[in-house]
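Data first, discussion second: the structure below is written as structure tokens.
Just so it is clear, none of the values below were taken in a lab; they were calculated from the coordinates. Given the structure is predicted, the values throughout are model-derived calculations rather than measurements. Every residue, glycine as well, gets a Cβ built from its backbone with ideal geometry; the counts of neighbours run over all protein chains shown.
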Amino acid sequence: MSEIDPHSTVSRRVLIGCGSAKREETSAARDLYTSDFFRKRERYGAEFGHDFYIISAKHHVLDPDESIAPYDRTITELDGEAVTEWAEETASQIRSLDWEGIDIVDVLLGLDYLQPLKEHGAFTRIPATPTFPFQEHAGNGEQKQWMKQCLTGAASLPQPETEQTTIMGYF
């Protein structure tokens, strides 16, 4: 298990994508999604985040303990207008989260989910600085490997590329 620097004063929130593989019964969101890829994202969020939320094509922003029924909806199934409506609502819910004390938000989403959220200001109108580590790691295999390396301490957690973090010594 990877350790967070006990001297660090940085607080992280993690936003993770949902998954298409699901249980067949109503479950807490963290338990509903069953794929190995989702499990790695969930573990990353639980390990490194002050908290984490799941981004869903149907439910928008889910608390991991929220009970939901199985569903079958992905962002790629939505038409342009429906994607816009989804992105506007999801961005609004992201901005409405309690951001007090959160410095960094790691966004672990595929491009189909990430791009519309970026276009609707989901990550520019919050007080935390976002990181998008999946953009640096192409494909699920490489992304799973990176998360595994983070969890074992073989890779560093993403840091925002800002002048402030450079001055504070994070780079």
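Residues with beta-carbon under 15 Å from that of Pro130, excluding Pro130: net charge, scoring Lys, Arg +1 and Asp, Glu -1?
Local charge sum for Pro130: 0.
Straight distance only, please: which lysines reach the Cα of Lys118 with their own Cα at less than 22 Å, same-chain residues fewer than 8 apart left out?
Once the sequence-local lysines are set aside, what remains near Lys118 is Lys58.
Run the quick spin-label model on Ala46 and Lys148: label points 7 Å from Cα toward the beta carbon, then report their separation in nm to one decimal.
According to this spin-label approximation, the distance is 1.9 nm.
Just for the chain, what percent of DSSP beta bridges are antiparallel, to the closest 5?
Bridges in the chain that DSSP calls antiparallel: roughly 30 percent.
Which whole-number value in Å³ per residue fits the convex hull of the alpha carbons of the chain?
116 Å³
Relative contact order of segment 12-167, please, whole-number percent, based on alpha carbon pairs below 8 angstrom and at least 6 residues apart.
The normalised contact order for segment 12-167 reaches 24 percent.
List the aspartates and glutamates whose Cα lies under 18 Å from the Cα of Lys40, skipping any in the same chain that are fewer than 8 positions away.
Reachable aspartates and glutamates: Glu3, Asp31, Asp51, Asp63, Asp65, Asp106, Glu136, Glu142.
Only Lys, Arg, Asp and Glu count, each charged at its Cβ (+1, +1, -1, -1), so figure out the dipole size of segment 1-123 about its Cα centre, rounded to 20 debye.
So the dipole magnitude of segment 1-123 works out to roughly 280 debye.
Go through 51-58, 90-97, 138-145 and give me the packing order, highest mean Cβ count within 10 Å leading.
Ranking the peptides 51-58, 90-97, 138-145 by packing returns 51-58, 90-97, 138-145.
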